[in-house]
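Peer 1: Can you read through this structure? Questions will come right after.
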Amino acid sequence: MSDNIYLTFQRSFSEDRSAIFLEAADGRQVTFSDLECLICRYASVLAASGAMPGQRVAVQVDASPENIALYLATLKIGAIYLPLNTAYTNYELDFFLGDATPAVFIARPEVIDSLEPLAKSRGVQTTLSLGTRGDGSLPAAARAVESYHGVVAVAKDDVAAILYTSGTTGRSKGAMLTHGNLLSNTETLHREWGFVPGDILLHALPLYHIHGLFVAVNIMLLNGGRILLLPRFDAELVIRHMRRATVFMGVPTYYTRLLAHPDFTTDSAENIRLFVSGSAPLLPETFDLFENRTGHRILERYGMSETGMNCSNPLVGERRPGTVGLPLTGVSIRIAGKDGRPLSAGQTGVIEVKGPNVFKGYWKLPEKTAAEFRTDGFFVTGDLGQHSEDGYVTIVGRDKDLIISGGLNVYPKEVEEVLDRLPGIAESAVIALPHGDYGEAVAAVVVRSGGCHLDQETVIRSAAEKLAKFKIPKKVIFVDELPRNSMGKVQKNVLRDQYRECFTVEGMAK
Ligand code: AMP
């Protein structure tokens, strides 16, 4: 018996293969027959390109129906899907390719020439391209091969995907998610959020992140469709398509941007049965404003790359603003002290998670993995929380030095390492500052080296050569020295308090 999650998805495909699985924003419709044909052909190309079971297929492409087919083709042949943020620079990619050593790397047609030498230098066997309209060398090769109709047998514990999460040490870690992890989480969410045939998901999230891929796409695959796929979040585009959908998923920034748009009215949301929010804290004010405008209470859930989803407010029952709801069925959550001892209701501690959703470990980092699990199998998330007497979990902060800007994670250490290497900078501390649009904005507090007259523009321009756009500081503050405690550790809380009003409510730098 194979536990390949692809088999479960395939069983959920509509028996009527002419039924629509997905519609793109440009009106292009993809039937189940089209989808299966793409998957079988891509599977053939991947296998011929050197992607054997267990080998990595690294993918840095824009959202498209073909991108979803590529994900499924990778699962089908038992290889490991490795999605990469399209904002990553060559400097960042160099690390991912060197660390994950993929057999195949697929990138956007417009950058493939510049990436090919980099991929080669990292031992990648085959580099292919994929554009958003079925263009590129992967689709071209797929047109010339025989379809692969098999599904490679895998065990539940075999790795299906690796998601890189930035590390507190500045080095990214690849979270290995198994076929069993993905399936258990997909089935749980599908059931608990009440998906039924006929549901239509308006999809505006990135396809390289757990939220857009393993929550949104996997649920709709299990549901037998249907997705309205947008190339990216754009409030106007979302509003234009919303009446045709029954479910919408987003990060809090999407909701604040929708609310800021004059065309977003009660009517826009009239056919939606469920709005889901996650990846960053949804402010109770946003929850209230949204309810006043649309009559909908947004369902907030909590998860992470390493675990998939852990908690959710209920579909039926009280959706409590400011909380992430109750543990999902089969997921055990405890709030623990530093020593791992469970705390009682109302006390703040680290959120720890155990369940079939929890990842297998970090790629090639057994010691790091061991350090983040308790001996009884609970994973230490690094998020700080509390639970109420009736079990609702509230996230109150983070034990890990992490910034979540517009739903994307930035580890300050990674940015500091780049800044500290720039000529003219003696040292830096990167912090999160409240921001009206992104929730949190990346800000850098910088000490110049003696005699240097570095300005904000130069720092930002130099950082942009190395870092993806969402990690680049939106504000650079120059100081003579960083505040430190008696142990010499930079007091980031002091900096956060001092500069918390750097951005206006709308998110403009003051
Ligand atoms: P990622 O691995 O990119 O999904 O990021 C996971 C992190 O996002 C978690 O460890 C939390 O810090 C944060 N997060 C996810 N969902 C929520 C939420 N609903 N409220 C607050 N923080 C969240």
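The values are calculated or read from the model by the stated rules, or taken from the named source; none is laboratory data. Source: prediction; values computed, not measured. Cβ: placed from backbone, ideal geometry, glycine included. Neighbour counts: every protein chain shown.
Peer 1: Would you be able to say whether some residue in region 253-262 is in a loop (DSSP other than H, G, I, E, B), within 14 Å of the ligand (Cβ to nearest atom) and polar (S, T, N, Q)?
Peer 2: Keep residues of region 253-262 that are in a loop (DSSP other than H, G, I, E, B), which gives 261-262.
Filter once more, keeping what is within 14 Å of the ligand (Cβ to nearest atom): none.
Within region 253-262, none of the residues are in a loop (DSSP other than H, G, I, E, B), within 14 Å of the ligand (Cβ to nearest atom) and polar (S, T, N, Q).
Peer 1: Moving on. Exactly one of these conditions fails for residue 262: (1) surrounded by 15 or more Cβ atoms within 10 Å (Cβ to Cβ); (2) more than 15 Å from residue 394 (Cβ to Cβ). Give me its number.
Peer 2: (1)
Peer 1: Which residue is farthest from the ligand (Cβ to nearest atom), if the candidates are limited to region 223-240 and must be in contact (Cβ under 8 Å) with a residue 24 or more places away in the chain and not in a loop (DSSP other than H, G, I, E, B)? Give the derivation first.
Peer 2: Step one: list which residues in region 223-240 are in contact (Cβ under 8 Å) with a residue 24 or more places away in the chain, which gives 223-239.
Checking the rest, the ones that are also not in a loop (DSSP other than H, G, I, E, B) come to 227-229, 235-239.
Details: 227: 20, 228: 23, 229: 20, 235: 21, 236: 26, 237: 23, 238: 20, 239: 23 Å.
Only one residue tops the list, namely 236.
Peer 1: Checking residue 198 against (1) surrounded by fewer than 21 Cβ atoms within 10 Å (Cβ to Cβ); (2) under 19 Å from residue 275 (Cβ atoms); (3) within 16 Å of the ligand (Cβ to nearest atom): exactly one of these is not met. Which one?
Peer 2: Here residue 198 meets the rest and fails (3).
Peer 1: Could you say whether any residue in region 275-294 is more than 15 Å from the ligand (Cβ to nearest atom), not hydroxyl-bearing (Ser, Thr, Tyr) and not in a helix (DSSP H, G or I)? Don't jump to the end; show me each part of the working.
Peer 2: Within region 275-294, the first condition is being more than 15 Å from the ligand (Cβ to nearest atom), and the residues that meet it are 288-289, 291-294.
Cutting the leftovers down to not hydroxyl-bearing (Ser, Thr, Tyr) gives us 288-289, 291-293.
Next, only the ones that are not in a helix (DSSP H, G or I) stay: none.
Checking region 275-294: not a single residue is more than 15 Å from the ligand (Cβ to nearest atom), not hydroxyl-bearing (Ser, Thr, Tyr) and not in a helix (DSSP H, G or I).
Peer 1: Same structure, new question: Can you find a residue that is within 13 Å of the ligand (Cβ to nearest atom) and closer than 26 Å to residue 184 by Cβ anywhere in region 363-370? Walk me through it before giving the result.
Peer 2: To start, the set of residues in region 363-370 that are within 13 Å of the ligand (Cβ to nearest atom) comprises none.
Among the residues of region 363-370, not one is within 13 Å of the ligand (Cβ to nearest atom) and closer than 26 Å to residue 184 by Cβ, which makes the answer no.
Peer 1: Please specify each residue of region 295-326 satisfying the condition of being over 24 Å from residue 161 (Cα atoms) and within 14 Å of the ligand (Cβ to nearest atom).
Peer 2: Correct list: 298, 299, 300, 313, 319, 320, 321, 322, 323, 324, 325, 326.
Peer 1: Taking region 342-366 as the search range and keeping residues that are under 14 Å from residue 181 (Cβ atoms) and over 19 Å from the mean Cα position of the chain (by Cα), which one is surrounded by the fewest Cβ atoms within 10 Å (Cβ to Cβ)?
Peer 2: 356
Peer 1: Quick check on region 122-134. Is at least one of its residues in contact with a His (Cβ under 9 Å, 6 or more places away or on another chain), surrounded by fewer than 19 Cβ atoms within 10 Å (Cβ to Cβ) and in contact (Cβ under 8 Å) with a residue 40 or more places away in the chain?
Peer 2: no
Peer 1: Using the structure shown, decide if residue 112 is more than 19 Å from residue 38 (Cβ to Cβ) and either under 20 Å from the mean Cα position of the chain (by Cα) or in a helix (DSSP H, G or I) (or both). Talk me through it step by step, then tell me what you get.
Peer 2: Details: more than 19 Å from residue 38 (Cβ to Cβ): yes; either under 20 Å from the mean Cα position of the chain (by Cα) or in a helix (DSSP H, G or I) (or both): yes.
Judged against the criteria, residue 112 is a match.
Peer 1: Which residue, of 337, 346, 325, is at positive phi, free of Cβ contacts under 8 Å to residues at least 60 places away in the same chain and not assigned by TED's automatic domain parsing to the domain that holds residue 286? Spell out the reasoning first.
Peer 2: On the way: 337 fails: at positive phi; 325 fails: free of Cβ contacts under 8 Å to residues at least 60 places away in the same chain.
Selected residue: 346, the only one of 337, 346, 325 that is at positive phi, free of Cβ contacts under 8 Å to residues at least 60 places away in the same chain and not assigned by TED's automatic domain parsing to the domain that holds residue 286.
Peer 1: Tell me yes or no: at least one residue of region 43-52 is crowded, with 17+ Cβ neighbours inside 10 Å, closer than 30 Å to residue 99 by Cβ and of a type in the set (Val, Ile, Thr). Spell out how you get there, then give the answer.
Peer 2: Taking region 43-52 as the starting set, the residues that turn out to be crowded, with 17+ Cβ neighbours inside 10 Å are 43-47, 49, 51.
In the following step, the residues that additionally are closer than 30 Å to residue 99 by Cβ were identified as 43-47, 49, 51.
Going one step further and asking which of them are of a type in the set (Val, Ile, Thr), we end up with 45.
Yes: one or more hits.
Peer 1: Given the conditions (1) under 20 Å from residue 20 (Cβ atoms); (2) part of a helix (DSSP H, G or I), which single one is not true for residue 249?
Peer 2: Just one mismatch for residue 249, condition (2).
Peer 1: Further, regarding this structure: Report the residue count in region 372-411 for those that are more than 11 Å from the ligand (Cβ to nearest atom) and not in a strand (DSSP E or B).
Peer 2: Residues that pass the stated criteria total 13.
Peer 1: If you take the residues in region 135-149 that are at negative phi and free of Cβ contacts under 8 Å to residues at least 60 places away in the same chain, which one is surrounded by the fewest Cβ atoms within 10 Å (Cβ to Cβ)?
Peer 2: In the first step, residues of region 135-149 are kept if they are at negative phi; the result is 135, 137-149.
When the remaining residues are screened for being free of Cβ contacts under 8 Å to residues at least 60 places away in the same chain, the result is 135, 137, 140, 144.
Values: 135: 15, 137: 17, 140: 13, 144: 9.
Only one residue fits best here, namely 144.
Peer 1: For residue 388, only one of the following conditions fails: (1) surrounded by fewer than 17 Cβ atoms within 10 Å (Cβ to Cβ); (2) at pLDDT below 95. What is its number?
Peer 2: (2)
Peer 1: For region 119-144, how many residues are at pLDDT 95 or above and either in contact with an Asp or Glu (Cβ under 6 Å, 6 or more places away or on another chain) or within 16 Å of residue 69 (Cα to Cα) (or both)? Give the steps one after another, and end with the answer.
Peer 2: Of region 119-144, the ones at pLDDT 95 or above are 119-132, 135-144.
From what is left, the residues that are either in contact with an Asp or Glu (Cβ under 6 Å, 6 or more places away or on another chain) or within 16 Å of residue 69 (Cα to Cα) (or both) are 127-132, 135-143.
Count: 15.
Peer 1: Let me ask you something else. Among the residues in region 429-451, are any closer than 23 Å to residue 354 by Cα, more than 13 Å from the ligand (Cβ to nearest atom) and in contact (Cβ under 8 Å) with a residue 40 or more places away in the chain?
Peer 2: Pass one, region 429-451, residues closer than 23 Å to residue 354 by Cα: none.
Checked against the condition, which is being closer than 23 Å to residue 354 by Cα, more than 13 Å from the ligand (Cβ to nearest atom) and in contact (Cβ under 8 Å) with a residue 40 or more places away in the chain, region 429-451 yields no hits at all.
Peer 1: Does residue 87 satisfy the criteria of being hydrophobic (A, V, I, L, M, F, W, C), out of contact with any strand residue (DSSP E or B) (no Cβ under 8 Å at 6 or more places or on another chain) and under 23 Å from residue 409 (Cα atoms)?
Peer 2: Values: hydrophobic (A, V, I, L, M, F, W, C): yes; out of contact with any strand residue (DSSP E or B) (no Cβ under 8 Å at 6 or more places or on another chain): yes; under 23 Å from residue 409 (Cα atoms): yes.
Judged against the criteria, residue 87 is a match.
Peer 1: Okay, next question. Report, by residue number, each residue of region 465-510 that is without any contact (Cβ under 8 Å) to a residue 24 or more places away in the chain and of a type in the set (Gly, Ala, Ser).
Peer 2: 486, 488 - these are the residues of region 465-510 that are without any contact (Cβ under 8 Å) to a residue 24 or more places away in the chain and of a type in the set (Gly, Ala, Ser).
Peer 1: Just wondering, is there one or more residues in region 166-180 that are at pLDDT 95 or above, surrounded by 18 or more Cβ atoms within 10 Å (Cβ to Cβ) and polar (S, T, N, Q)? Full working, then the answer.
Peer 2: Keep residues of region 166-180 that are at pLDDT 95 or above, which gives 174-180.
Now narrow it down to the ones that are surrounded by 18 or more Cβ atoms within 10 Å (Cβ to Cβ): 174-180.
The next check asks that each one be polar (S, T, N, Q); those that pass are 178.
Checked region 166-180: at least one residue is at pLDDT 95 or above, surrounded by 18 or more Cβ atoms within 10 Å (Cβ to Cβ) and polar (S, T, N, Q).
Peer 1: Something else about it: Does residue 198 qualify as being in contact (Cβ under 8 Å) with a residue 60 or more places away in the chain and out of contact with any Phe, Trp or Tyr (no Cβ under 6 Å at 6 or more places or on another chain)?
Peer 2: Working: in contact (Cβ under 8 Å) with a residue 60 or more places away in the chain: no; out of contact with any Phe, Trp or Tyr (no Cβ under 6 Å at 6 or more places or on another chain): yes.
In short, no.
Peer 1: Scan region 353-367 and report the pairs whose first residue is closer than 9 Å to residue 174 by Cα and whose second residue is of a type in the set (Val, Ile, Thr) and surrounded by fewer than 22 Cβ atoms within 10 Å (Cβ to Cβ), with Cβ atoms within less than 6 Å and a gap of 6+ or a chain change.
Peer 2: Pairs found: 361/369; 362/369.
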